There are 4 protein chains.
Amino acid sequence: MQIGMIGLGKMGLNLVKNMIRNGNEVVAFDLNPESVELAVAAGATGATSNADLVSKLNGPRTVWIMVPAGAPTDSTVSDMVSLLSEGDYLIDGGNSFYEDSIRHGKLAAEEGINFFDCGTSGGMNGALNAGNFMIGGPSAEKFEHLKPLYEGIAEKDGYLYTGKVGSGHFLKMVHNGIEYGMMGAIGEGFDVLENSQFDYNNEAVAKVWNHGSVVRGWLMELAEEAFSKDDKLSAIAGVMHSSGEGKWTVQEALKENVATPVITASLYERYASMTDDSFTGKVVSALRNGFGGHAMDMKK
Amino acid sequence: MQIGMIGLGKMGLNLVKNMIRNGNEVVAFDLNPESVELAVAAGATGATSNADLVSKLNGPRTVWIMVPAGAPTDSTVSDMVSLLSEGDYLIDGGNSFYEDSIRHGKLAAEEGINFFDCGTSGGMNGALNAGNFMIGGPSAEKFEHLKPLYEGIAEKDGYLYTGKVGSGHFLKMVHNGIEYGMMGAIGEGFDVLENSQFDYNNEAVAKVWNHGSVVRGWLMELAEEAFSKDDKLSAIAGVMHSSGEGKWTVQEALKENVATPVITASLYERYASMTDDSFTGKVVSALRNGFGGHAMDMKK
Amino acid sequence: MQIGMIGLGKMGLNLVKNMIRNGNEVVAFDLNPESVELAVAAGATGATSNADLVSKLNGPRTVWIMVPAGAPTDSTVSDMVSLLSEGDYLIDGGNSFYEDSIRHGKLAAEEGINFFDCGTSGGMNGALNAGNFMIGGPSAEKFEHLKPLYEGIAEKDGYLYTGKVGSGHFLKMVHNGIEYGMMGAIGEGFDVLENSQFDYNNEAVAKVWNHGSVVRGWLMELAEEAFSKDDKLSAIAGVMHSSGEGKWTVQEALKENVATPVITASLYERYASMTDDSFTGKVVSALRNGFGGHAMDMKK
Amino acid sequence: MQIGMIGLGKMGLNLVKNMIRNGNEVVAFDLNPESVELAVAAGATGATSNADLVSKLNGPRTVWIMVPAGAPTDSTVSDMVSLLSEGDYLIDGGNSFYEDSIRHGKLAAEEGINFFDCGTSGGMNGALNAGNFMIGGPSAEKFEHLKPLYEGIAEKDGYLYTGKVGSGHFLKMVHNGIEYGMMGAIGEGFDVLENSQFDYNNEAVAKVWNHGSVVRGWLMELAEEAFSKDDKLSAIAGVMHSSGEGKWTVQEALKENVATPVITASLYERYASMTDDSFTGKVVSALRNGFGGHAMDMKK
């Protein structure tokens, strides 16, 4: 089928290649003309604006937005809602917060546009070869129209219509929350090994765990690969960034009064790695000095 | 090769079948004669005691102990150290604490017996078909003698000589610590889904996550299987037992001054599920009543 | 001075008595006429409605709202904004979420009414005898008008103008977050004592800690008092309710990207005490059964 | 009464002054002669060795050891057990691990020496003016002999005979565990304030909280004092050291299968503040890069 792709970053461009390889026709736009050129080189038709992209698609049109969550997605959805026509399909494949997606879905529905919020997992490699997609939208019937697209670009059995609008991005959010917890557990395990009396080869450990153990899985495979390059990861700083979904998961859990100590611990572990100078630390250090005369580390 | 197997519980018996299927000859003993009969039915030679088992093996003998950790393993190792001869091989394939294994290794070494501490993962199915083994022992050279055995019964690339005695069970312990964290994260994720405004089919969620997502792995496959039987797990109580390795991992981390907030959270989450009447809870409830007059739940 | 008090629950009624004892004149209203009678018995003038209460006050009027947070406070503030006049003073002394207070402050300001959000601590006893108050409002100058009131009803040095509207309830929220963490730590400490090999008298422990130790404070005094009634708290169930401020503190911390592992742990500890049948627990139990054949507790 | 004091560090020397002020006679020894001179200047009799100190005391002798926990305490106790006589009293007032104290108690009991393990709280100021003491020992009857000493140097009601040997240091350990949790909660609360939209004066906040609020106590008074010197603690680094008792509390709780999420969180928070380069962090960062191409911070 024919798809308009807006946003040609590392994920968007890989998806374009995946779509083309699977027999789809892609019209591609990005604010960066060089990215459009890369898409054209991969077989896409280039567009010079959102409007130009829409004009190059036949109805009922299908547009896939793959731009950063928040303001960029907001404004692109807003544009599309005015440019597209009743019966067209609009997919947000980015990492939008699910409440934004619910709002986008309402905006689109007012114009008769079928809005789908599509959480995308599987990383860059998945986007290129066989991705993983969790897709919310107006109805299972409407989703039938998009099935051939997903059947091609997804890993076998790697896509799911998850229910009403918002449910796709909500599910992707929770997926990432689980991912945070799993990564924290794996990291801590290797930390305990590194500080033990034994002399493990981390690559060998990850490898044996990937062949028959309970903790086998893609994250452990990635660990094996990382250790194969440098078993002590000596050039990498122990600083763990986060891009929001873990925090959102905890925030949603709090709204639901659901305890998520494991996922939350993995989030705070990341926060703590970002600073060695929290105000909490200053206060505790000052209190220890206050009652016990314990020396405080001072700022240099 | 020829192996003596002591302990024919769910794991031991499956290992016997695995060994026989892979061309090994097994002499089997268990305190329970019915278990010995099952092993005999599977093709093993039955033994009536530890001594009888040893007498039925040709030197250099290889004996695999698969009995509960702690006192049962202690006494079996002790027996074997007196029954076996210099140059024989003794494997503890159970879930022993690694410091016990170091002690066992010293006892065995005094008699010239080669002691290996073998952490076994992969569950019952792995034991039966293709297990996962992390094996510490006196030297890589001595391990060569056991390689043909493991090559047969393990998943491809699913065994590793991990270094000196104790390192096998230590690694298995950390593996289980990671497993605790991963399971906690997965459980919490589905808890957030269950309490959300959306109506997910948990089996379908686990299935899509198993096909291309970042969190795919054996635990998610087991989740899919569990949900396939009852999507709401309605007959299962939310009580999480634990058998020690998670606690050991945290204890070792504390000895190393390594923070393991994720793994620890998963351990405490299990503890909390075992009671709804902790003393902590009584104290906090009494304090709330003390300053704010908040009602307390009373024991019935 | 003259104060109109709306809401005569356990806190409101105690505040009325405190105000009267300190030479203030109080007009009191509650939806429950019996509560109004109690206030009248304590020396207040009764009112039959919000409007009646306002009509009985001289300008510039001061009205103190002490009703449950959320909808009851919303509607009372709304009523007062229409009933009061420019230059009047309106205090919300309840446990409102600070963003609600900011909203209430804007509504009031549009009518020229001076809105103060007053976090109240110190429990029922404090309300009655000498309370603790954290008060946000339009300006320090406007707060001068209320100083004589607080000077009388507060513990010496026990009130503070905290800055712009919202800052009073925000500070009270954080106060409660700290309180959650402190209570959790105290509860856990006594739990470790109870499960130790030693035979402590908890009342004696709390008493000695209250006389010179680092952990002395009001909460430990309340613990001593609770243990004096029953050293094992045997009639109290270990169930820890929570009324929102702890959760709000964590939610605000997340918005700020500030890690609060201690306060969060105390919140989750409460949640966990409320159930022994979480979905997390069901999933983890099912997974353990899946790979290891571990028995599951089943629902009765 | 007459006391021999071994160990004249910041705590020991303050205790000597406290004892002398309360009418006791002190013989003082420290490996550092300058410390002995300070004790002599304060009114003590100096000793030149453990043996010299013992020789200068009349029977039944009372010796108070105030040296670092671990090896120094071990060797001093060992010395005293050989130097003292049946019926003498030996007090370890330091921060020994309670199992060491149980061992010390057995050694002493074999020689008929009455060994007491005395946990000391209240900081340096308490040691000097009115301390807090939790004392385990052979029996309540034997403790009667020491009562006059504690009655003088302790805060009123600030000492307690806690039961058999080990119970004093165990209780002090748990006291410190609670202290960790309370300090973490206080630190986090101020961190949330610092990062809020409001502009609080931390000293004023701590002050108001100290006058009637639920969280009032000595730690909050110390916070007020610290903020009075610099409201932003700008010269202090956010690094939280720990000296062992918090970790011990968690380790004991694990032995008891008691969940202590709050105290544990405060411990890990300290560990995390000590490094911004954990191996956990390296692994998580490498995994994020592996699946999502997320940039890693590299070591400089």
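The values are calculated or read from the model by the stated rules, or taken from the named source; none is laboratory data. The shown structure was predicted, so the numbers you read here are calculated from the model rather than taken from an experiment. Neighbour counts are summed over all protein chains in view; Cβ atoms, including those assigned to glycine, are modelled from backbone coordinates with ideal geometry.
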- Query: Tell me, which residue of region D:220-243 that is surrounded by 22 or more Cβ atoms within 10 Å (Cβ to Cβ) and in contact with a strand residue (DSSP E or B) (Cβ under 8 Å, 6 or more places away or on another chain) is nearest to the other protein chains (Cβ to nearest Cβ)?
  - Reply: D:ILE236
- Message: What's the number of the only condition in (1) surrounded by 20 or more Cβ atoms within 10 Å (Cβ to Cβ); (2) within 12 Å of chain D (Cβ to nearest Cβ); (3) among the hydrophobic types (A, V, I, L, M, F, W, C) that C:PHE143 fails to meet?
- Response: (2)
- Query: If you go through region C:271-287 one residue at a time, how many are crowded, with 24+ Cβ neighbours inside 10 Å and either outside any helix (DSSP H, G or I) or more than 7 Å from chain B (Cβ to nearest Cβ) (or both)?
  - Reply: 1
- Note on the structure: Subset of region B:96-110, residues of a type outside the set (A, V, I, L, M, F, W, C) and part of a loop (DSSP other than H, G, I, E, B), comes to B:SER96
- Message: For region D:115-140, give me the residue count where each residue is in contact with a helix residue (DSSP H, G or I) (Cβ under 6 Å, 6 or more places away or on another chain), closer than 21 Å to D:ARG61 by Cα and surrounded by fewer than 20 Cβ atoms within 10 Å (Cβ to Cβ).
- Response: 0
- Qualifying position, being within 10 Å of chain C (Cβ to nearest Cβ), within 19 Å of the chain's Cα centre (by Cα) and either under 29 Å from A:SER266 (Cα atoms) or modelled with pLDDT of 95 or more (or both), among D:GLY246, D:GLY217: D:GLY217
- Item | Residue under evaluation B:PRO261, criteria (1) within 8 Å of chain C (Cβ to nearest Cβ); (2) at pLDDT 95 or above; (3) surrounded by fewer than 24 Cβ atoms within 10 Å (Cβ to Cβ), criterion not met | (3)
- Message: For region C:263-300, which positions are within 19 Å of C:GLU179 (Cα to Cα) and not assigned by TED's automatic domain parsing to the domain that holds C:ASN176?
- Response: none
- Checked region A:288-300 for anything outside any helix (DSSP H, G or I), more than 7 Å from chain D (Cβ to nearest Cβ) and either closer than 25 Å to B:ALA265 by Cβ or touching a helix residue (DSSP H, G or I) at 6+ places or on another chain (Cβ under 9 Å) (or both); matches are A:ALA295
- Name the residues in region C:162-196 that are more than 8 Å from chain D (Cβ to nearest Cβ) and either on the phi > 0 side of the Ramachandran plot or assigned to a loop (DSSP other than H, G, I, E, B) (or both), would you? C:VAL165
- Note down all Cβ pairs under 7 Å where the first residue falls in region A:143-162 and is without any contact (Cβ under 8 Å) to a residue 40 or more places away in the chain, the second is among the hydrophobic types (A, V, I, L, M, F, W, C) and surrounded by fewer than 20 Cβ atoms within 10 Å (Cβ to Cβ), and they're at least six residues apart or on different chains. A:ALA154/A:ALA130; A:GLU155/A:ALA130; A:GLY158/A:ALA130; A:LEU160/B:ALA204; A:TYR161/A:ALA140
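So which residues in region C:222-252 are in a helix (DSSP H, G or I) and within 29 Å of C:TYR98 (Cβ to Cβ), if there are any at all?
Those that are in a helix (DSSP H, G or I) and within 29 Å of C:TYR98 (Cβ to Cβ): C:LEU222, C:GLU245, C:GLY246, C:LYS247, C:TRP248, C:THR249, C:VAL250, C:GLN251, C:GLU252.
Taking strands (runs of 3 or more DSSP E) that fall entirely within region B:1-95, which contain at least 2 residues that are touching a His at 6+ places or on another chain (Cβ under 8 Å) and closer than 20 Å to B:GLU151 by Cα?
Values: elements: B:2-6, B:25-29, B:62-65, B:89-92.
In region B:1-95, B:89-92 are the strands (runs of 3 or more DSSP E) which contain 2 or more residues that are touching a His at 6+ places or on another chain (Cβ under 8 Å) and closer than 20 Å to B:GLU151 by Cα.
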- Kindly indicate the residue of region D:197-212 that is of a type in the set (A, V, I, L, M, F, W, C) and either assigned to a helix (DSSP H, G or I) or under 28 Å from the mean Cα position of the chain (by Cα) (or both) and also nearest to A:VAL284 (Cα to Cα) among those meeting that condition. D:ALA206
- Checked region C:253-270 for anything of a type in the set (Asp, Glu) and assigned to a loop (DSSP other than H, G, I, E, B); matches are C:GLU256
- Task: Taking only region A:113-140 into account, find how many residues are touching a Phe, Trp or Tyr at 6+ places or on another chain (Cβ under 8 Å), away from every other protein chain (no Cβ under 11 Å) and not in a strand (DSSP E or B).
- Result: 4
